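All remarks here apply to the structure that follows.
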Amino acid sequence: MGEGMSETKLPFIVEASELVRHLGEPDVLVVDLSERQAYLAGHIPGAVYLPYTAITASKPPVNGLIPTAEQLSDVFSGIGLTSDRHVVAVDEYGGGKAGRLIYTLHALGHQRASMLNGGMTAWNSEGHPTEEGEVEPRRSDYRAHLRPGNIADRAYILKRLHAPDFKVLDVRNPAEFAGDDVRSARGGHIPEARNLEFSELIDRGNAMRLKPPEDIEAMLKKRDISPDDEIIVHCQSHTRSAHTYVVLKALGYDRVRGYPGSWSDWGNDPDTPVES
């Protein structure tokens, strides 16, 4: 541990009422990926701002790729991240950007991370304090090293596609899945993929918090997805599906990989198999 730091233990999905008790602890780093104006207007006290574009890369027409280790080293040093700090990821709506931060940290082997359940919507609904303006982080020297354990690419999916314990979970909306809403050169879905729109996991009537675990597990079981399966989650560019990645990991689905690039990669390749 760093000097003066004591290890904080926060659950993977943390409630606002619990996080508020840990604000100001030196090993807790709250990272806000909201739109910049929303962050400046009111954020969790001490939260540092991180633009979502800093943790994704593009090679048109493919979006949502993982930046290089060198780029991520610079980005995370810029917000003061160290290997012993516990990141709490927050965004203003839906949790996709917060989930992508956690997914990226996991790809670097940084497991000390939590997602705020309901993000700023839940925080504000409970009346917790906020502050305006920008927090100036103290720069660190974070060394990022990418590890492949939670990353799937096109070649990996094609290799594993028809294995009995391999499931593709497509969290785009049903129109995208069916090929009626086309956002790449081709529409449709990966053969044998299951569709579960990511927003189905969120309770809009409960300040954007997650639905109860038993409800989410019932949705997965209905789609023949079990904790024993290897699960690939994807959407159009791996923002929505990064949120689903976090939810699955929180529920104990250990064999989960995200697909950076997602349908913007698969659907723009003329040689990949597609169903609709």
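Values quoted throughout were computed directly from the atomic coordinates according to the rules given, and no laboratory measurement underlies them. Please read these numbers as outputs of a predicted model, since none were measured by experiment. No Cβ is skipped: glycine too gets one built from the backbone with ideal geometry, and neighbour counts run over all protein chains shown.
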> Helix 69-78 sits at what angle to the longest principal axis of the chain, using alpha carbons and giving 0 to 90 degrees rounded to 10?
Replying inline: 30
>> Test of understanding: ordering 125, 34 by Cβ neighbours within 10 Å, fewest first, what list do you get?
In response: 125, 34
> When Lys and Arg each count +1 and Asp and Glu each count -1, what net charge do the other residues less than 11 Å away from residue 50, Cβ to Cβ, add up to?
Replying inline: +1
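Which whole-number percent gives the relative contact order of the range 13-146, counting Cα pairs below 8 Å spaced six or more residues apart?
Working: 239 pairs, mean separation 48.6, N = 134.
It comes to 36 percent, rounded to a whole number.
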>> Output wanted: per-residue J couplings in Hz (rounded whole) for the range 117-125, from phi through Karplus 6.51 cos²θ - 1.76 cosθ + 1.60, θ = phi - 60°, x for Gly and Pro.
In response: 5, x, x, 5, 4, 5, 4, 5, 5
> Pairing the Cα long axis of helix 96-107 with the longest principal axis of the chain, what angle in degrees results, from 0 to 90 and rounded to the nearest 10?
Replying inline: 90
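Mind checking Rg over Rh on the range 71-198, alpha carbons, Kirkwood formula for Rh?
Numbers: Rg = 18.5 Å, Rh = 17.7 Å.
Using only Cα positions, Rg/Rh for the range 71-198 is 1.04.
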>> I need 272, 104, 121 ordered by Cβ neighbour count within 10 Å, fewest first.
In response: 272, 121, 104
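Using 0.36 nm times the number of residues separating residue 53 and residue 218, minus their current alpha carbon distance, what extension gain do you get?
On the way: separation 165, 0.36 × 165 = 59.40 nm, distance 3.40 nm.
Result: 56.0 nm gained on full extension.
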> Using only the Cα atoms of the range 186-273, what do you get for the radius of gyration and for Dmax, in Å?
Replying inline: 13.5, 43
> Between their Cα atoms, which of 9/222; 59/249; 159/249; 9/221; 9/211; 167/249 are more than 26 Å away from each other?
Replying inline: 9/222; 59/249; 9/221
>> For a bin width of 10 Å, list the pair-distance distribution of the range 13-146 built from all Cα-Cα distances, rounded to whole %.
In response: 13, 47, 33, 7, 0
> Using alpha carbon centroids, what distance separates the range 23-79 and the range 208-276, in Å?
Replying inline: 23
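Rounded to a whole number, what is D in µm²/s for the chain from Stokes-Einstein with the Kirkwood radius over alpha-carbon pairs (10 °C, 1.306 mPa s)?
It comes out at roughly 83 µm²/s.
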> To the nearest 10 degrees, how steep is helix 240-250 against the longest Cα principal axis of the chain, on a 0 to 90 scale?
Replying inline: 70
> Could the peptides 221-234, 58-71 be put in order, highest first, of the mean number of other beta-carbon atoms found within 10 Å of their residues?
Replying inline: 221-234, 58-71
